[in-house]
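Below: one structure, written as structure tokens.
The values are calculated or read from the model by the stated rules, or taken from the named source; none is laboratory data. Keep in mind the model is a prediction, meaning the values are calculated, not measured. Cβ placement follows ideal geometry from the backbone for every residue including glycine, while neighbour counts extend to all protein chains displayed. The area values use the complete protein model at the heavy-atom level, side chains included, leaving out ligands, DNA and RNA. Shrake-Rupley method; radii C 1.70, N 1.55, O 1.52, S 1.80 Å.
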Amino acid sequence: MLLFTPGPTPVPESVRIAMAGETLHHRTPEFEAIFERTRTLLFELLGMDEVLMLASSGTGAMEGAVINLAHSKLLSINSGKFGERFGKIAQAHGIANVEIKHEWDTPATVEEVQAALNANSDIDAIAIQICESAGGLRHSVEAIARAVKAHNPAIMVIADGITAVGVEKIDVSNIDCLISGSQKALMLPPGLAIMGLSNAAIEKIGSGKGYYFNLATEIKNQRKNTTAWTAATTITIGLEAVLNRIKAEGGLDKLYADTARRAQATREAMKAIGLSIYPINPADSMTTVGDVEAKKIRSTLKEFDINVAGGQDHIKDSIFRINHMGLIAPYEACWAANAVELALDKMGRRAYDGTANRVFNTVYFGL
């Protein structure tokens with residue numbers, strides 16, 4: 001069965017092989033050399049002043065960012081499950097939080113962020129998803145970050161790029177903390193969180209806060225090619241292999257271009273067979289379709305060896321999400337679109353005539 005869920009994503013065979021070697025101790029020159037090479041590749045990927053690898057899920061990096069960078073009040077953007085999580089992290093640590101909340105298909109605007117900043121002079125950090133994967137939504141993070149810095153350069157901009165890093169080139173000019181995770185576009189098992197930091201963020205972190213997620217402790221150690229705590233050794237080995245494979249297969253620009261074409265082709269194919277795209281501003285990491293029979297479509301797709309994700313909470317059964325992250329072959333993505341049309345035929349919704357397949361190929365290959 002083809003896995004088209006937006007994380008975990010399939011791990012390429014070459015990467016599985018790289019991770020299948022003998023287990024290394026994390027306090028050895030051999031692993032430190034791997035760690036150093038991987039850090040170098042991460043600087044290229046993230047484009048930030050500093051990079052960190054944490055043995056945790058992406059939520060750990062979210063928590064580390066909030067407790068180390070939001071000292072007085074956090075402005076969090078809640079357009080889904082993960083935007084909501086930033087606010088819950090602040091609440092758990094007794095950090096004041098102002099929230100801009102929308103339905104999960106609706107992005108935040110520059111104007112409402114500016115209004116929140118004007119009304120709360122003590123906001124010192126904003127947390128926002130680049131892609132809110134709960135509904136496949138893309139926030140205009142770059143424009144919002146630019147407006148935040150114009151308002152007050154000292155405000156830290158925390159951007160959750162867990163389903164954006166490795167999908168598209170992100171303008172980090174006004175971003176202070178960029179978060180990613182191993183199990184999304186980086187095509188690895190869960191368990192490794194990645195952070196990019198600006199020099200301004202490093203200065204604000206100072207001696208750091210917290211214990212396990214004290215970022216100052218990690219910065220000090222990782223600059224020496226080691227970690228404060230036990231490293232995710234096997235996944236780090238896999239990360240080096242993934243990033244080297246991306247370079248060998250045309251580099252990041254090709255990966256971004258292929259992902260964008262795959263996303264556009266899938267969206268157009270879905271619309272061509274009468275389905276609706278759920279988010280107002282869709283991200284390229286996944287295609288999210290809103291449909292009253294989304295649950296039944298998902299179930300029927302498994303008969304054609306396609307496994308896609310549903311939604312969560314109040315949209316649990318009203319959307320399905322087709323992943324575009326990672327090194328996905330065009331014929332696999334095309335089959336996923338084709339399978340949706342076959343599912344609709346089997347459900348008696350629409351007679352199959354190959355429209356999804358034809359539209360996908362026309363858009364993807366520019367026919």
Check: C-alpha center region 20-60 vs C-alpha center region 180-197, spacing in Å is 11
Expressed in angstrom and rounded, the centroid-to-centroid distance over alpha carbons for region 276-331 and region 118-157 is 27
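Just to make sure I understand: if all protein chains stay in place, what is the order of Lys73, Lys220, Lys302 by accessible area at 1.4 Å, largest first?
Values: Lys73 35, Lys220 140, Lys302 95 Å².
Ranked from most to least accessible, the order is Lys220, Lys302, Lys73.
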For Lys346, the accessible surface traced by a 1.4 Å probe with all protein chains present amounts, in square angstrom to the nearest 10, to 120
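Restricting to the chain, what percent of DSSP beta bridges are antiparallel, rounded to 5?
Working: 21 of 40 bridges.
Within the chain, antiparallel bridges account for around 50 percent of the total.
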Projecting the Cα atoms of Ile306, Ala232, Ala70 onto the charge dipole of the chain, where Lys and Arg contribute +1 and Asp and Glu -1 at Cβ, the residue farthest towards the positive end is Ile306
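Which value, in Å², gives the accessible area per residue of region 1-90 when a 1.4 Å probe is used on the protein heavy atoms? Kindly include the intermediate steps, with their values, before the conclusion.
Details: 3530 Å² over 90 residues.
Result: 39 Å² of accessible area for each residue.
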Of the accessible area of region 242-291, computed with a 1.4 Å probe and all protein chains kept, carbon and sulfur make up a percent value of 46
Helix 58-69: inclination vs the chain longest Cα principal axis, degrees, rounded to 10, gives 40
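Take the cross-link list Lys296/Lys346; Lys184/Lys220; Lys81/Lys316; Lys302/Lys346; Lys73/Lys149 and give me the ones stretching past 18 Å between alpha-carbons.
Details: Lys296/Lys346 11 Å; Lys184/Lys220 27 Å; Lys81/Lys316 11 Å; Lys302/Lys346 12 Å; Lys73/Lys149 16 Å.
Distance filter (> 18 Å) returns Lys184/Lys220.
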Projecting the Cα atoms of Ser180, Leu255, Thr355 onto the charge dipole of the chain, where Lys and Arg contribute +1 and Asp and Glu -1 at Cβ, the residue farthest towards the positive end is Thr355
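Below 8 Å, C-alpha to C-alpha, sequence gap of six or more: please give me the relative contact order for the chain in percent. If you can, show how the numbers build up before the last one.
Working: 759 pairs, mean separation 80.2, N = 367.
Reported as a whole number, the value is 22 percent.
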Among Ser121, Ala96, Ala108, the residue whose Cα sits farthest towards the positive end of the charge dipole of region 95-147, when +1 is placed on the Cβ of each Lys and Arg and -1 on the Cβ of each Asp and Glu, is Ala108
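Quick check for you: with a 1.4 Å probe and neighbouring chains kept, what is the accessible area per residue of region 123-177, in Å²? Please report the intermediate quantities before stating the final value.
Values: 1300 Å² over 55 residues.
Value for region 123-177: 24 Å² per residue.
Using a cut-off of 14 Å between beta-carbons, work out the net charge of the residues near Lys209 (Lys and Arg +1, Asp and Glu -1, Lys209 not included). Before the final figure, lay out each step's value.
Values: positive: Lys204; negative: Glu63, Asp124, Glu218.
So the surrounding residues net to -2.
Determine the per residue accessible area of region 252-367 with all protein chains present and a 1.4 angstrom probe, expressed in square angstrom. Provide the component values of the computation, followed by the final result.
Numbers: 4880 Å² over 116 residues.
Here the per-residue accessible area is 42 Å².
Please say if the chain is rounded, prolate or oblate, where rounded means a/c under 1.5 for a ≥ b ≥ c the square roots of the C-alpha gyration tensor eigenvalues, and otherwise the choice is prolate for a/b larger than b/c and oblate otherwise?
On the way: a/c = 2.09, a/b = 1.31, b/c = 1.59.
Verdict is oblate for the chain.
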Expressed in square angstrom to the nearest 10, the accessible area of Glu303 with a 1.4 Å probe stands at 110
Note to self: C-alpha centroids of region 343-358 and region 68-98 sit apart, in Å, by 44
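Considering only protein heavy atoms and a 1.4 Å probe, what is the carbon-and-sulfur percentage of the accessible area of region 117-224?
On the way: 1740 of 3470 Å².
Using a 1.4 Å probe with all protein chains present, region 117-224 comes out at 50 percent carbon and sulfur.
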Note on region 1-152, DSSP bridge orientation, antiparallel percent to nearest 5 equals 20
Region 152-298: antiparallel bridges as % of DSSP beta bridges, rounded to 5, reads 70
